[in-house]
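Here's the structure, in structure tokens; my notes come after.
The values are calculated or read from the model by the stated rules, or taken from the named source; none is laboratory data. Model, not experiment: these values are computed from the prediction. Please note: Cβ atoms are built from the backbone with ideal geometry, for glycine as well, and neighbour counts cover all protein chains shown. For the accessible areas, the whole protein counts, side chains as well, though only heavy atoms, and no ligand, DNA or RNA atoms are used. Shrake-Rupley method; radii C 1.70, N 1.55, O 1.52, S 1.80 Å.
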Amino acid sequence: MIQHKEVIIIGGGIWGLSTAYHLAKYGQKDVLILERNEEIAAETTPQAAGLVGQIRSSDIMFRAIQFGLELFSQFQNEIRYDTGFCQTGSLMVALTPERMQAYTHQIERANLNGIEAHYVSHEEMERLAPAMDMTKIEGGYFVANDGYVDPQLCAYAYATASRDLGVQIQLNTTVTGFRQNNGKISGVETDEGFIASNYVVITAGPWTGKLTKKVGETTAVQPIRHQRVRTEPTIGIPEQHPVVRITDVSCYLRPEKGGYLYGYFEPDPVSIDLETKPTDFRTEHIEPPVEIMAEARRRITPIFPILKDLGIAEYKRGMTTFAPDGNYMIGPVPEIERLYIATGCAALGIAGSAAVGHWLAKWVINGDPGEDLTIFSKHRFGTQANDMDWLRQESEQFYSNYYGIRPIK
């Protein structure tokens, strides 16, 4: 007998788990998550830094991150599922007058959107992050309600809450194809057999593009390496140490497991072509970023001299997906009814997970995400998206200039 589920979600990372949770929360509990690995959230999710920062370049992303902050707080305080949520605030550090001028516009925009952000003195910065060398810093500002989560704990919280509401999760299952009927999705083929479904949502991160090709569709996002490290433990890190973003050197830092976790956006990005990789390629197969993170340490140690003498406890082998404009790619595939995709996390996968799951759930249940998501449309690049060289170059350029001084939209 053919198995049938109302909604199938392909990919058990944090976006798929959030989508399942929100579907069940809004009443659609006949949901099955298919995950190819032996456990959920085993690929890009646990490699992430988990930063949740409200300073964004568009109003919709302002709202998305605030939605996430509310949900992470609710999970932690009301539902009692541990997401590792630490609402420590963010410290935005400037090394140049030009960056301080850019920060002025960011603060004004944030305040207009109801976000508490204000300049801080050198004395206050030193209190917040005492390991910083203040002589190197031009100035900075603080965003009070920002923070971070533990990405894997957060994913597990979504999963547990989903299961509580009736969602099923099937592991060790690889999707091999799709079936359509009169232009509508009718189910998925797997290595375990066919599963019929009225709706299918693909949330497979960097692998989403390979899956959409099975239905003749292209997805204009580029997988790019994004690495970070965790140092060995040290003393003197305040309990409420904020996330620190040193945007002039494209670096960020926060506490983790008694040490520091830090990473940066490479000026010469390395794209990963999954089409040339074996079918069993995993995030763990990416080489440890020893040389890359040595460069990150060189950039950040003038501000945090303590890092020079701290050994590396763990290398994070990250991979993120970027569209040429740095925006998500979320929504229906117009050519196939009831098929939805979500990819292009752009290093905002954890922070935006709550909103992404909410939008997709509303789309499936109501046929409408609840607000205008044209900015995330699959077809926003037109035929230019078929030019793979253009796609890679533009996506890499956005990545390398992630902390660049851009006009706020």
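Key figures
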{"read-out": "Top-ranked residue in the stretch 341-366 [being open to solvent by 20 Å² or more (accessible area, probe 1.4 Å) and touching a residue at least 40 places away in the same chain (Cβ under 8 Å); ranked as farthest from His285 (Cα to Cα)]", "value": "Ile365"}
{"read-out": "Leading residue by the ranking (farthest from Trp207 (Cα to Cα)) among those in the stretch 172-182 that are open to solvent by 30 Å² or more (accessible area, probe 1.4 Å) and of a type outside the set (Val, Ile, Thr)", "value": "Asn182"}
{"read-out": "Elements of type helices (runs of 4 or more DSSP H) in the stretch 121-234, at least 3 residues being of a type in the set (A, V, I, L, M, F, W, C) and modelled with pLDDT of 95 or more", "value": "151-164"}
{"read-out": "Which numbered condition Thr276 misses (of (1) under 22 Å from the mean Cα position of the chain (by Cα); (2) within 30 Å of Phe178 (Cα to Cα))", "value": "(1)"}
{"read-out": "Long-range neighbours under 8 Å by Cβ, at least six apart or interchain, first residue over 23 Å from Arg298 (Cβ atoms) within the stretch 262-278, second open to solvent by less than 10 Å² (accessible area, probe 1.4 Å) and not in a loop (DSSP other than H, G, I, E, B)", "value": "Ser271/Ile224; Ser271/Ser395; Ile272/Ile224"}
{"read-out": "Scope the stretch 252-281; condition of a type in the set (Ser, Thr, Tyr), under 23 Å from Ala204 (Cα atoms) and surrounded by 15 or more Cβ atoms within 10 Å (Cβ to Cβ); matching residues", "value": "Ser271"}
{"read-out": "Pair list, Cβ under 6 Å, 6 or more apart: the stretch 215-226 residue more than 29 Å from Lys316 (Cβ to Cβ), other residue open to solvent by 20 Å² or more (accessible area, probe 1.4 Å) and part of a strand (DSSP E or B)", "value": "Val215/Phe178"}
{"read-out": "Among the candidates Asn111, Asn77, residue that is open to solvent by 20 Å² or more (accessible area, probe 1.4 Å) and within 30 Å of Ile303 (Cα to Cα)", "value": "Asn111"}
{"read-out": "Odd one out for Glu6, checked against (1) crowded, with 21+ Cβ neighbours inside 10 Å; (2) assigned to a strand (DSSP E or B)", "value": "(1)"}
{"read-out": "Any hit, the stretch 102-119, residues being part of a loop (DSSP other than H, G, I, E, B) and on the phi > 0 side of the Ramachandran plot", "value": "yes"}
{"read-out": "Count of the stretch 137-171 residues which are in contact (Cβ under 8 Å) with a residue 60 or more places away in the chain, within 30 Å of Asn111 (Cβ to Cβ) and in contact with a strand residue (DSSP E or B) (Cβ under 8 Å, 6 or more places away or on another chain)", "value": "7"}
{"read-out": "Residue satisfying condition, being among the charged types (D, E, K, R), modelled with pLDDT under 95 and open to solvent by 30 Å² or more (accessible area, probe 1.4 Å), within set Glu295, Glu284", "value": "Glu284"}
{"read-out": "Matching entry among Thr276, Thr301 (being touching a helix residue (DSSP H, G or I) at 6+ places or on another chain (Cβ under 6 Å), more than 21 Å from Pro151 (Cβ to Cβ) and polar (S, T, N, Q))", "value": "Thr301"}
{"read-out": "Yes/no for Gly166 being open to solvent by 30 Å² or more (accessible area, probe 1.4 Å) and either more than 24 Å from the chain's Cα centre (by Cα) or hydrophobic (A, V, I, L, M, F, W, C) (or both)", "value": "yes"}
